[in-house]
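Have a look at the structure below, then the notes.
The values are calculated or read from the model by the stated rules, or taken from the named source; none is laboratory data. Since we're looking at a predicted model, the values are computed, not measured. Counting neighbours? That spans all protein chains shown, and the Cβs are built from the backbone with ideal geometry, glycine included. Side chains included, ligands, DNA and RNA excluded: accessible areas come from the protein's heavy atoms. Shrake-Rupley method; radii C 1.70, N 1.55, O 1.52, S 1.80 Å.
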Amino acid sequence: MPIRAVVFDAYGTLFDVQSVAGVTDAAFPGHGETITQIWRLKQLEYTWLRALMGRYEDFWSVTKASLDFTLKTLGLAATPELLARVAAAYDALALYPEALAALRELKPTRLAIFSNGSPAMLTNLTRQAGIDALLETVISVDEIGTYKPDPRGYRLVEERLGLSRDEILFVSSNGFDIAGARVYGMTVARIERVTSQALRDELAGAAVIGPKSLFKALRMQEEQLGENADLTISSLSELAPYVAARR
């Protein structure tokens, strides 16, 4: 069937989660890279734990709690005010360099975001990046009270757009999200920002494996869950030709 809508994950797909590093290092000089990586790893872990326990709290709460965990683990003190200011970096993440042009090139295809982010976080994020006018809708897991990759989230995307899963191309760089969308039956494009060979070369040449390299190994590689993306590309700019051929 033709692709009638392209739906994007937000964090790590359109927006670079590594772009908080300037804020974390300014707040805690010399610790920015370590904070950035542990924070994101724990942020995702807390979404999965809360989903499994049936104890949902929105992504802003999860973001603050995972930052608090990170700072306490590293022995770094922060007032509630400083914690909130650093956490707010997730409301001002940088778009990947090719993202804005890629979204424009995909028009007139319907475009949307489906994200773990809370509605307020996603509103702030898309407005500050200047992409809100390009999107038909922004869908948050807040509406179902649990986190990806729960199948109810991908069903919500279908319902909101009024389309079948066969008419939607879902785009993500996150392995758990890719697997979830594929299990649900969506066509999925994976953004491979770090190839397996590039990572192996990086690790082989390192005397010590640093936090950023470890993050690439844990969160930026293809998961071995028996569900692979239909399309693997290195950049968002490669989407437009694929969609045009399926329009």
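Beyond 15 Å, what percent of the Cα pairs of region 93-151 remain? Percentage above 15 Å: 53. About its Cα centre, the dipole of the chain is roughly 100 debye, where the only charges are +1 on Lys and Arg Cβ and -1 on Asp and Glu Cβ.
Convex hull volume of the C-alpha atoms in region 147-186, normalised per residue: 57 Å³.
For region 181-243 versus region 85-148, the inter-centroid distance based on Cα atoms is 20 Å. Using a Gaussian network model of the chain in which every pair of alpha carbons under 10 angstrom is joined by a spring, one finds that among 37, 128, 197 the greatest mean-square fluctuation is at 197.
Taking label points 7 Å from Cα along the Cα-to-Cβ direction, residue 207 and residue 238 give a separation of 3.5 nm. The HN-Hα couplings worked out from phi for region 46-53 by the Karplus form 6.51 cos²θ - 1.76 cosθ + 1.60 (θ = phi - 60°) are 5, 5, 5, 4, 5, 5, 5, 7 Hz, whole numbers, x standing for Gly and Pro. Amide hydrogen proximity for residue 94: with H placed 1.01 Å from N in the peptide plane, the residues at 5 or more positions away or on another chain lying under 5 Å are 16, 19.
Put one equal scatterer on each alpha carbon of region 174-247, apply the Debye formula with no solvent term, and list log10 I(q)/I(0) at q = 0.11, 0.26 1/Å to two decimals. Result of the Debye calculation: -0.34, -1.18.
Ligands, DNA and RNA aside, residue 68 has an accessible area near 50 Å² when probed at 1.4 Å. When the residues 190, 104, 160 are ordered by accessible surface, computed with a 1.4 Å probe over the protein chains alone, the sequence from largest down reads 104, 160, 190.
From the largest down, the chain spans 54, 41, 34 angstrom on the principal axes of its Cα atoms. Rg over Rh for region 9-83 works out to 0.98, both radii taken from alpha-carbon positions and Rh defined as the Kirkwood radius. To the nearest µm²/s, what D does Stokes-Einstein give for region 58-192 at 37 °C and 0.692 mPa s, using the Kirkwood radius over alpha carbon pairs as Rh? It diffuses with D of about 201 µm²/s by this estimate.
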